[in-house]
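Here is the structure we will look at.
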Amino acid sequence: MSTIIHIDMDAFYASVEQRDQPSYRNKPVIVGADPQRGKGRGVVCAASYEARVFGIHSAMPINQAYRQCPQGIFLPVRMARYQEVSSRIFAIFHRYTDLVEPLSLDEAFLDVKGSLRLFGPAEEIGLRIQAEITQEEHLSASVGVAATKYVAKVASDLRKPKGFVTVEPGKEVEFLQDLPVERLWGAGPKTARQLHRLGYCTIGAVARQGQAELEAVLGQNGVHFWELANGIDPRPVIPDEPAQSIGSETTFKKDTADPNVIRQTLLELAERVGRRLRTADTLAGALTLKFRDETFRTLNRSMALSVPTDQVPVLYRTALTLLDRVPFSGQNVRLLGLSASHLSTSTERQQLSLFEETPKRQFQLTDALDKIRTRFGDSAIKPASLFAKYRE
């Protein structure tokens, strides 16, 4: 029985912008970094379907997107707005089931096996959800219905935008057989090239191969791909799976080797990560520094924290320690990022040891700063060392 529904909003960020501003409708809208007339250094976060005609897609360098579509409407990311709209869309999902597994703000799996008696078959539920999103939010979604998560996700992607595809149980292999191997979960560009060299260009070719033969060539990945190609995916829908990490990164407008700018940026990143941790009532047990230089070489350095924390001073000091571990011989830095992991949920402060370096007054100060920022905005109060940066 098909009870898994995968719902994927169509060009979500860009579609929200087109809905909110009627003059943007039917025009190429690109959401992401400032293109700076072709000199921008960030990436595209979302592109409307009108922009995709020009070959623009998410994760594309923003300067390339500008060159391909200089007449496009380039807009900054309004994350708070997208989160607001997303919360209402997910409220629609929860009208039909509590088994909702978010993949992002605009994408989720639903298991409706417990809702069939009340609302009818999964296909009917999917159609109702799709219609309610259109009626209430004036946005479109694509829907896939199947017996497994993998097949439902492939189905939702086949006829975008406003697609609706149902795969009946027992028809999975037939449904998948002519699709390219690139649609196998986990088959990135490198793996896809390897599969092509082995003669597997379609999912059907993988499905027809013996499992043992694939395992001999590809190891455990061979078993994984064989199972997916044959429609086998036993993973359940897991509602509200906790985040594995909380992070933030920034690409410099101009590559820099200035140690003051680098330290200021790390402090700003520590501020962002700390605020996000506290908002989520979460403590970090480890911190990772992402470092990319002007040659695009990317290094990651991580370390465990002696005591889980959400405090900026500890995160910042740890970030500086990690920076010292990066082989750095004067190259210009292009990107810095901080990511907190080994997360633990805590609704109240852990008792501190006698030798804990974060005193109670630091927690009180942090709480006071958070209240100010909540009331007056994130830029209302900042460390003095960041003021000069924001005046530039």
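Read-outs throughout are calculated quantities, based only on the coordinates presented, and are distinct from any laboratory measurement. Note that the structure is predicted; figures quoted are calculated from it, not measured. When we count neighbours, we look across all protein chains shown, and the Cβ atoms used for this are built from the backbone with ideal geometry, even at glycine.
Could you tell me the relative contact order of the range 38-100? Use alpha-carbon pairs under 8 Å, at least six residues apart, and round to a whole percent.
Numbers: 45 pairs, mean separation 17.2, N = 63.
Computed over the range 38-100, the figure is 27 percent.
Shape call for the range 103-176 from the C-alpha gyration tensor, a ≥ b ≥ c root eigenvalues: rounded (a/c under 1.5), prolate (a/b greater than b/c) or oblate? Taking the square roots of the gyration eigenvalues as a ≥ b ≥ c, the range 103-176 is oblate. Beyond 18 Å, what percent of the Cα pairs of the range 20-151 remain? Looking at the range 20-151, the distances longer than 18 Å represent 61 percent of pairs.
Could you let me know the centre-to-centre spacing of the range 8-71 and the range 244-284, using Cα atoms, in angstrom? Cα centres, the range 8-71 to the range 244-284: 25 Å. Computed over the range 173-229, the range of Cα coordinates on each principal axis works out to 26, 22, 18 Å, biggest value leading. Exposed loop sites, defined as chymotrypsin sites (Phe, Trp or Tyr not before Pro) outside DSSP H, G, I, E and B with at most 10 other Cβ atoms within 10 Å, are absent from the longest region of the chain, namely 1-295. Between the range 182-196 and the range 305-323, the C-alpha centres lie 38 angstrom from each other.
Scan the chain and hand back the longest stretch that contains none of the trypsin sites (Lys or Arg not before Pro) lying in DSSP loops with at most 16 other Cβ atoms within 10 Å. Numbers along the way, then the final one.
Numbers: sites that count: Arg25, Lys39, Arg78, Arg95, Arg159, Lys162, Lys171, Arg297, Arg325, Arg349.
Longest stretch, sites excluded: 172-296.
Farthest toward the dipole's positive end in the chain, which of Gly231, Ala212, Asn332, given Cβ charges of +1 (Lys, Arg) and -1 (Asp, Glu) about the Cα centre? Going by the Cα projections, it comes out as Asn332.
Can you tell me the length gained on complete extension of the stretch Lys254 to Gln83, counting 0.36 nm per residue apart and subtracting the Cα distance?
Full extension of this stretch gives 58.6 nm more.
Contact order for the range 208-284, expressed relative to its length and based on alpha carbon pairs under 8 Å spaced 6+ residues apart, stands at 20 percent. Annotation: amide H of Thr166 within the under-5 Å range of Val145, sequence separation 5 or more or interchain, hydrogens built in the peptide plane. State whether the range 86-236 is rounded, prolate or oblate according to the following rule on the C-alpha gyration tensor (a ≥ b ≥ c being the square roots of its eigenvalues): a/c under 1.5 gives rounded; otherwise a/b larger than b/c gives prolate, and the remaining case gives oblate. Taking the square roots of the gyration eigenvalues as a ≥ b ≥ c, the range 86-236 is prolate.
Counted by Cβ distance under 15 Å from Tyr82, the other residues give a net charge of -4, where Lys and Arg count +1 and Asp and Glu count -1. The value of relative contact order for the chain, using C-alpha pairs under 8 Å at least six residues apart, is 13 percent. Eigen-decomposition of the gyration tensor built on the alpha-carbon atoms of the chain gives equivalent ellipsoid semi-axes of 39, 26, 25 angstrom, largest listed first. Calculate, in whole percent, how much of the Cα-Cα pair population of the range 212-254 lies beyond 16 Å. Taking all Cα-Cα pairs of the range 212-254, the fraction more than 16 Å apart is 65 percent.
Over the alpha-carbon set of the range 181-303, divide Rg by the Kirkwood Rh and report the Rg/Rh ratio to two decimals. Could the numbers behind the result be given before it?
On the way: Rg = 21.2 Å, Rh = 18.5 Å.
On the Cα set of the range 181-303, Rg over Rh gives 1.14.
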